[in-house]
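Have a look at the structure below before the remarks.
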């Protein structure tokens, strides 16, 4: 949420007046405060807020022990705030972090307020393995009765937390347990030596990974680690994920237990060919995979974590020529997809908290709702349409991940305008799909030159230059045609006769688009050299590690056309790198 200075000042007054409760902590922190100690308070305040049925706790800097506003310079820099939030996220075992950092001028002094989200129902929050709480003004370990109170909040209604009386360790797949140990080790790499984890017997490991209850096998353990022959223990649930191929070719396959291994097996059945996209004013195509592998696994893990298992339905993954559709039963449980796409919401509760916590321990998902945001960012990074959530069918969620360009103007705009806010990208994505957007969003996009036309015939402007908002900035940041860079290099080689990689870097880097990162510039130069070599413009008379580039004898100073018989029509599935 966005609060004005007056609203924040009123909030601070309320917190000062009600400081006796255990969901507010004041620290003087005139100049700085320990990041680790901040993390302990985040754990404590999050747990206490949960126990009191509140949405947030507050850690306030710039207030003395006597509850006097004294001011602080702590976290004055935006980068410091982001670093702190990242540090807390890395060390809070459940992936939780500060929801927001506010600063307010109160009585002429600067005060910083950290909003700490309440622990999700059924899931206590720990800092580096220790659960923290408040006792008056003291920071103390979370007592066993409080720990049990949080864990009992949903356990009676949590299908995944139920113990399976007849299940034994022998019903689990050894390879799945090995893979689970690997994920657990990756999650706790900085805190628990891998040798210690390897030394645990299976029963100890499963308890540490929160897959058993009092040493007994749970439904969550069977779903993730159960042997293929153990499906009957979950009857009447089918414990299946089904892949279907639709189109000119048709195929299907059922994937059973263990889900931990078979999510990867299912993802590999999806035909993930290379796509070639042509950026504006360039001659070299950019090659991207049709689907981002991380997004495919993220979507599958979300289906597993959030499905309503009481309805005894399988997960269905349907592959079309231009998209993948993931279907699972159960309403979208907390909030709306767009809230998570914009990274503006932290989930407060889960349908299957026991399963979610176990999957978090195995490094499969997080508990903070970042998965949808990551899938959106992956599509933006690859210039493709954004994922769609269809909630129109009661009791069912359908997630579609596009694997093809819908509107070329949209993809080219993302290539040129890497600075677009995610809110604008989400609105533009709806425009290209023919979906409605708010009048406020439409006015904003039209003023920015990003769309044209009127409702219901809005469209993304093909005038990429106008879409930058400032022609001078566009000219400065846009990528030039490859022929431009080829001419620069040819002129240099005519004058000097040869060039090593350092010479080429010194020549071309200043001419490349300012929108590119240093790594992207290096990749661009490598691709250009490869293209010019393949076209016979230059030749390497050195070695691979120490190249010595010279003009070929046939060079006339121009970039040759494509070799005869090769057509760059943008539809090739050629998996070779660009250039």
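Just so you know, all these numbers are worked out from the coordinates, no wet-lab data involved. Bear in mind that the values here come from a model prediction, so they are computed numbers and not experimental data. Positions of Cβ are backbone-derived with ideal geometry, glycine not excepted, and every protein chain shown enters the neighbour counts.
Remark: relative contact order (the stretch 241-357) = 24 percent; criterion is Cα-Cα distance under 8 angstrom and separation of 6 or more residues. What FRET efficiency, computed as 1/(1 + (r/R0)^6) with R0 = 22 Å and r the Cβ-Cβ distance, is obtained for residue 203 and residue 312, rounded to the nearest 0.05? For residue 203 and residue 312, the calculated efficiency is 0.15. Calculated mean residue ellipticity at 222 nm for the chain: -11500 deg cm²/dmol, from DSSP H runs with n ≥ 4 weighted as -39500 (n - 2.57), summed, divided by the residue count and rounded to 500.
Using a 10 Å cut-off on Cβ atoms, rank the peptides 197-203, 92-98, 268-274, 319-325 from the highest mean neighbour count down. Walk me through the numbers on the way to the answer.
Values: 197-203: 12.7, 92-98: 21.6, 268-274: 14.4, 319-325: 17.1.
Those peptides, ordered most packed to least, come out 92-98, 319-325, 268-274, 197-203.
Taking the inverse of the mean reciprocal distance over all distinct Cα pairs, the Kirkwood hydrodynamic radius of the chain comes to 27.4 Å.
With each label modelled as a point 7 angstrom along the Cα→C-beta vector, the residue 250-residue 494 pair spans 6.3 nm.
Say R0 is 35 Å: what FRET efficiency, to the nearest 0.05, do residue 503 and residue 273 get from their beta-carbon distance?
According to the calculation, E is roughly 0.40.
Expressed in nm to one decimal, what extension gain is obtained for the pair residue 6 and residue 516 from 0.36 nm per residue of sequence separation less their Cα-Cα distance? Please report the intermediate quantities before stating the final value.
Details: separation 510, 0.36 × 510 = 183.60 nm, distance 4.06 nm.
Gain on stretching residue 6 to residue 516: 179.5 nm.
With all projection directions averaged, the alpha carbon convex hull of the stretch 100-231 covers 11.4 nm².
Computing FRET efficiency as 1/(1 + (r/R0)^6) for residue 76 and residue 342, where r is the C-beta to C-beta distance and R0 is 22 Å, gives about 0.25.
Packing around the peptides 452-460, 58-66, taken as the average count of other Cβ atoms within 10 Å per residue, puts them in this order, highest first: 58-66, 452-460.
Quote to one decimal, in nm, the extra length available between residue 162 and residue 394 on full extension: 0.36 nm per residue of separation minus the C-alpha distance between them. Don't skip to the answer; put the middle values down first.
Values: separation 232, 0.36 × 232 = 83.52 nm, distance 2.63 nm.
Working it through step by step, the gained length comes to 80.9 nm.
With the simple spin-label model, which puts each label point 7 Å out from Cα in the Cβ direction, the residue 147 to residue 349 separation comes to 2.5 nm.
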